[in-house]
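The values are calculated or read from the model by the stated rules, or taken from the named source; none is laboratory data. Everything quoted here is computed from the prediction, not taken from an experiment. Ideal geometry is used to build each Cβ from the backbone, glycine not excepted, and the neighbour counts take in all protein chains shown. Calculation scope for accessible area: heavy atoms of the full protein, side chains included, ligands and nucleic acids excluded. Shrake-Rupley method; radii C 1.70, N 1.55, O 1.52, S 1.80 Å.
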Amino acid sequence: MSPDRITAAVGEPRPRVEGRLKVTGSAHYVADTPVAHLAHGWMVTATVSRGRIRDIDAEDALAMPGVLGVLDHRNARRLNPDVSHHFGPDRSLPMLQDETVAYAGRPIALVVAETLEQARAAATALRVTYHTEPHDTGFSMNHPAARPASTLFGPEADTGDLEAELAASTVVVDEVYHTPEESHSAMEPHVATAWWQDGHLHALDSNQGPFGISQVMASLFRIDPERVHIRAEHVGGGFGSKTVCGAQIILAAMAAEHFQRPVRVALTRRQVFLATGSRPPTEQRVRIGADTDGRLRAIHHHAAFALSPLAEYIEWCTEQARTLYAAPAIRTELSAVPLDVLPPCSMRGPGAAPGSFAFESAIDEVAERLQLDPLHLRLSNQPAVSPVSGRPFSTRRLVECLEEGARRFGWAGRDPRPRLRREGNLLVGTGVAAVAFIAGAFPSSATITAETDGTFSVRIGATDIGTGARTALIAVAADALGVGTEQITMHIGDSDLGLAAGAGGSRGTTSCAFAITETAKALREKLAGSARPVTASVDTTPLINWQPDEERYTYSAVFAEVTVDPATGEVRVRRLLGMFAVGRVINPLLARSQLVGGMIGGLSMALHEESVRDPVTGRLVTADFAGYHISAHADVPDVEADFVTDYEPQDPSGFNGLGEIGNAGTAAAIANAVWHATGTRHRTLPISLGRAIEPAPARDRPEAVGVA
Ligand code: MOS
């Protein structure tokens, strides 16, 4: 090794190292990985939203060819009822424990057979009957069960005299916004293969962080975490739905133990919709007061979201209000409404995406009432320090994002008045939104060995869910060791590699890069004067500063141009531009790809995605891609993402995460552009055809969404 050699893998646009494997079908995902003597489990889910199982009559199913048995609450092993995950206690994880049904889609049985087809056929022969109880799936902010949300991410904001500042304001916007339940819809459905050997649980599982999942599985099955070995080599997306321990691995592990052989549980697309988490619906009231010249005086953001009483969760919608703009009074409130629904989990910019839609729409409404340029309004209310905590920002390049984005987009000369631009039959409008996304690093550990052949083996329990994390971490390791990327062998995706952040919270790569950088430093010290092989390990847990002096965020400005056909209500996004301040960029090719993907997710949120529950049954009626619309190629216009120069001082290499910020600001920018095109303000997502020109107020109510 030549420590002084200058390498610059970081900053280079390099394609994914596993790209060839993926496009040739040689990259083995969980369901592709052969396992000897494998049996197949078919998950059966509850069809009622609340009640108790009266009976599961398995007589016919058990007589069918190849059937090994049926696992349900009567014969399943007992699991630890007191399990927690990242957000807190989660009583949805112990499955098949009793006859209660807490939501439609709850796994209630697993039919196990020699082949997948036999298991599926037998599952259709199960006769399940229920004692049905009245359910409540009707979400609203004023629901009597509403309670303060968890404050895991810190207390909500309350600075200044809110009511006095509102009273002194020239203009007060006071509006309510709605976003629907949404489904993650990752390309690879959830699937796991599990087997037991000598008291150890082994599993291949499609997830976003094998180490974290291994800890939950150990707790559920009450075994030493050292005895749980989970691998996730290649994962076909997750969007947050694979950050939690999934039904597939819990049921596969239970069945593998029960039937004493390896069992695979692969969910169907429909089961993914019904049983693997969702973004909860939100209702958000935003009040903003401003002076005539556009100076903000008061910001009040109260958001509510639905959850299940089984599992703690936070949809942290109030983040934008506390950091984007300066105002003498800022108050945020967050409410959780427990309902008989599938427990929600993080999805694509959780909290930030629906929160930004409400908050950045409201900011646009302030500009509208004052007849100011919405870009100017945003630029002229930038805080020098955090408007709530008073702490400085570690880096804040939002102004650069707004100004450079405006220049490239051609914002100058835009008439702020709505419904003025026409091209043929079409109304044309442009909109902008700013967004901040909290950044940081989670504890992780890495091990690096300097091998005798001069190469370096890097071991870290990182997960690559398709973003290119593996490729990015190779570049980080090469630079930290002062060698070329061809000298790095990267091992990821295995819980045996130790504590590591999952691919979630926009922190997977930042956290693992931090651990690799610190380990490389330690190895270089050890290597001086030692014969190879030499190994160093570092766990960053003691190095993570949870209360730094400065607030750490990434930033973006998103610009959108839309056309609206006033005859049909069809909204088409014509151009999207996102400018991003995300620290030092490890791989601009992969980073741009991820941000463009995130922006397309935001487009999809703005115009298409909506999970609909039948209010009578509480069941999801959009549990397939015919009913649940996602932006397709024909919906996706010219999308561009680029970076402003940035460096994060809290990271030893200047990095920040960029997994979710591409998603977070896009829906608001599109909604603001639709207002500019049409003069109609859309406060309910998605802006589907029926809502696009003159939304009827009655149809905007979430409880009536089923007939929309
Ligand atoms: Mo992300 S929604 O934390 O996977």
Please enumerate the residues belonging to the range 493-511 that are crowded, with 23+ Cβ neighbours inside 10 Å and away from the ligand (no atom under 16 Å from the Cβ). Ser495
Here are some residues: Ala677, Ala671, Ala606, Ala667. Which one is assigned to a helix (DSSP H, G or I), within 16 Å of the ligand (Cβ to nearest atom) and modelled with pLDDT of 95 or more? Ala667
Can you tell which of Gly627, Gly569, Gly618 is in a loop (DSSP other than H, G, I, E, B), over 27 Å from Pro374 (Cβ atoms), touching a residue at least 40 places away in the same chain (Cβ under 8 Å) and small (Gly, Ala, Ser)? Gly618
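Could you identify the single residue in Ala149, Ala203, Ala167 that is crowded, with 24+ Cβ neighbours inside 10 Å and either over 24 Å from the mean Cα position of the chain (by Cα) or more than 28 Å from Leu267 (Cα to Cα) (or both)? Give the derivation first.
Details: Ala203 fails: either over 24 Å from the mean Cα position of the chain (by Cα) or more than 28 Å from Leu267 (Cα to Cα) (or both); Ala167 fails: crowded, with 24+ Cβ neighbours inside 10 Å.
Going through Ala149, Ala203, Ala167 in turn, just one is crowded, with 24+ Cβ neighbours inside 10 Å and either over 24 Å from the mean Cα position of the chain (by Cα) or more than 28 Å from Leu267 (Cα to Cα) (or both): Ala149.
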Which numbered condition Gly212 misses (of (1) part of a loop (DSSP other than H, G, I, E, B); (2) open to solvent by 10 Å² or more (accessible area, probe 1.4 Å)): (1)
Residue satisfying condition, being under 19 Å from Ser84 (Cα atoms) and either at pLDDT 95 or above or out of contact with any Gly (no Cβ under 7 Å at 6 or more places or on another chain) (or both), within set Leu201, Leu220: Leu220
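Taking into account only those residues within the range 217-233 that are outside any loop (DSSP other than H, G, I, E, B) and touching a Ser or Thr at 6+ places or on another chain (Cβ under 8 Å), which is nearest to the ligand (Cβ to nearest atom)? I'd like the intermediate steps shown before the answer.
At the first step, the residues of the range 217-233 found to be outside any loop (DSSP other than H, G, I, E, B) are 217-220, 225-231.
Applying the additional criterion that residues be touching a Ser or Thr at 6+ places or on another chain (Cβ under 8 Å) yields 219, 225, 228-231.
Details: Ser219: 21, Pro225: 22, Val228: 22, His229: 23, Ile230: 17, Arg231: 19 Å.
The extreme case among them is Ile230.
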Strands (runs of 3 or more DSSP E) wholly inside the range 136-206 that include at least 1 residues being without any contact (Cβ under 8 Å) to a residue 12 or more places away in the chain: 191-197
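Give Gly277, Gly236, Gly240 a once-over and let me know the one that is in a loop (DSSP other than H, G, I, E, B), farther than 21 Å from Phe87 by Cβ and either open to solvent by less than 10 Å² (accessible area, probe 1.4 Å) or within 16 Å of the ligand (Cβ to nearest atom) (or both). Break it down stepwise before answering.
On the way: Gly277 fails: farther than 21 Å from Phe87 by Cβ; Gly240 fails: farther than 21 Å from Phe87 by Cβ.
Selected residue: Gly236, the only one of Gly277, Gly236, Gly240 that is in a loop (DSSP other than H, G, I, E, B), farther than 21 Å from Phe87 by Cβ and either open to solvent by less than 10 Å² (accessible area, probe 1.4 Å) or within 16 Å of the ligand (Cβ to nearest atom) (or both).
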When only residues in the range 346-375 that are within 16 Å of the ligand (Cβ to nearest atom) and open to solvent by 10 Å² or more (accessible area, probe 1.4 Å) count, which is nearest to Tyr553 (Cα to Cα)? Pro350
Pair list, Cβ < 7 Å and 6+ apart or interchain, from the range 467-479 residues that are over 14 Å from Gly209 (Cβ atoms) and assigned to a helix (DSSP H, G or I) to residues that are among the polar types (S, T, N, Q) and at pLDDT below 95: Ala478/Thr7; Asp479/Thr7
So Phe580 fits all but one of (1) in a strand (DSSP E or B); (2) touching a Gly at 6+ places or on another chain (Cβ under 7 Å); what number is the exception? (2)
